[in-house]
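To keep things clear, I will list the structure first and then write my remarks on it.
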Amino acid sequence: MLRHGITRLLLALNARYPVHRNRLLTIPSFFASWLTTEAAPLWLGLWGVRTVRELRHRRGRFTAADAVGLGLTGAASAVLVREIVDASRSGEELRAALAGVVPSEFMDERPSADRRGAVLPFLNGSRDRLKTRGVVFAEVGTQRLKLDVYEPVAPPAPGERRPAIMQIHGGAWVIGSKDEQGVPLLNHLAANGWVGFNVEYRLSPRAKFPDHLVDCKTALAWIREHADEYGVDPDFIVVTGGSAGGHLCALMALTENDPAFQPGFEHADTSVQAAVPFYGVYDLLDRGQDQIDTFLRFMEEVVMGSHPEEDPEGWAAYSPIDRIHGDAPPMMLVHGDADVLVPVGGARRFAAALGRASSNPVVYAELHGAQHAFEIFASVRTIRTIEYVERFLAWTYEQYLANAPASDRTA
């Protein structure tokens, strides 16, 4: 019991105080913290079952070391209970962030998400939707780029146009997949009338600036071209994504119709009507010095393919903080203050700068205790987050409908 107690306490403490800025420890510390924090109810249940079994096995042979181990397990459990409390309060943080943008009565009327994921994390939310996998939207050389489509179960009524959302996966521009990211949010939105498109793009180091963004814009143009096929309103498409996907999501919002990122489809409409980047990278030059010391070298050698002094315009063109302008669409930024892979400082500066410049709503939700990639699978925090993201997007859609001519609301 002593060994198990020590291991559990170390896991719990790492969840609460993950390692940051150490090139050797940050990644393993992140994974341990991420899994422990977001699946805390599951860990507590497993620890409880295992402890009961250990106590039964040691009946009549309970030692001082066992007592210490039991105490350490109790301390670890208390830390995880605190993590669950913090996660449950994320709803209050998100609601406060939306105050002044989305009316309280509107938020109160919106549907709840599937709550089962709070206990069983990998349920990933509602299955009240249809999913089509592997639709090819582009061919680049020998690579076929694909997307998955999430649709409401009920087909659209004749002439109905439904709002759409495009999801961009993360993975440091080098890994990641449409298959496992953004799923809880897409499930929830599809269950409430949205059509979701989870897209892929070429990955580094083979792909370099600006291939990733070009592919995302290609996907958006494809969605608009096929809007009638999916009952989508081509005039209301929003974008979301996390980490590297958050970076690309923000760029999608800030570079609409930029011909530099639309080779061969310069005249396609690549505007988005709202954006929700999660824990994104907003300054590739890391001017706030938030990242570990190998970040700039990684960006130079793997993602950009150039040194910032040799190509300052390219680096600025790919940094969302350098692309801020007054006509940016409504944006809701979500970031955790415990994020060790993309520290929260960059999000704070970007949100502040965007809020000063944009004529549209800018919502910044900073979640206490949230780690990087926290919403990849369903959890206490994920459920509350996707509910309030839906409220922000639903309100934005309501404003669009209120201002759109009646003839534009149906096909």
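Structure summary
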quantity	calculated
Flag if residue 86 is acidic (Asp, Glu), touching a residue at least 40 places away in the same chain (Cβ under 8 Å), in a helix (DSSP H, G or I) and farther than 28 Å from residue 171 by Cα	no
Wholly within segment 145-255, strands (runs of 3 or more DSSP E) carrying at least 1 residues that are surrounded by fewer than 24 Cβ atoms within 10 Å (Cβ to Cβ)	162-168, 232-242
Residue count for segment 6-45, restricted to those that are crowded, with 16+ Cβ neighbours inside 10 Å and either outside the structural domain of residue 73 (by TED's automatic domain parsing) or of a type in the set (Lys, Arg) (or both)	2
Selection status of residue 259, outside the structural domain of residue 30 (by TED's automatic domain parsing) and either surrounded by fewer than 17 Cβ atoms within 10 Å (Cβ to Cβ) or more than 26 Å from residue 20 (Cβ to Cβ) (or both)	yes
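The values are calculated or read from the model by the stated rules, or taken from the named source; none is laboratory data. A quick note: this is a predicted structure, and the numbers were derived from the prediction, not measured. Because the Cβ atoms are built from the backbone with ideal geometry, glycine has one as well, and the counts that use them run over all protein chains shown.
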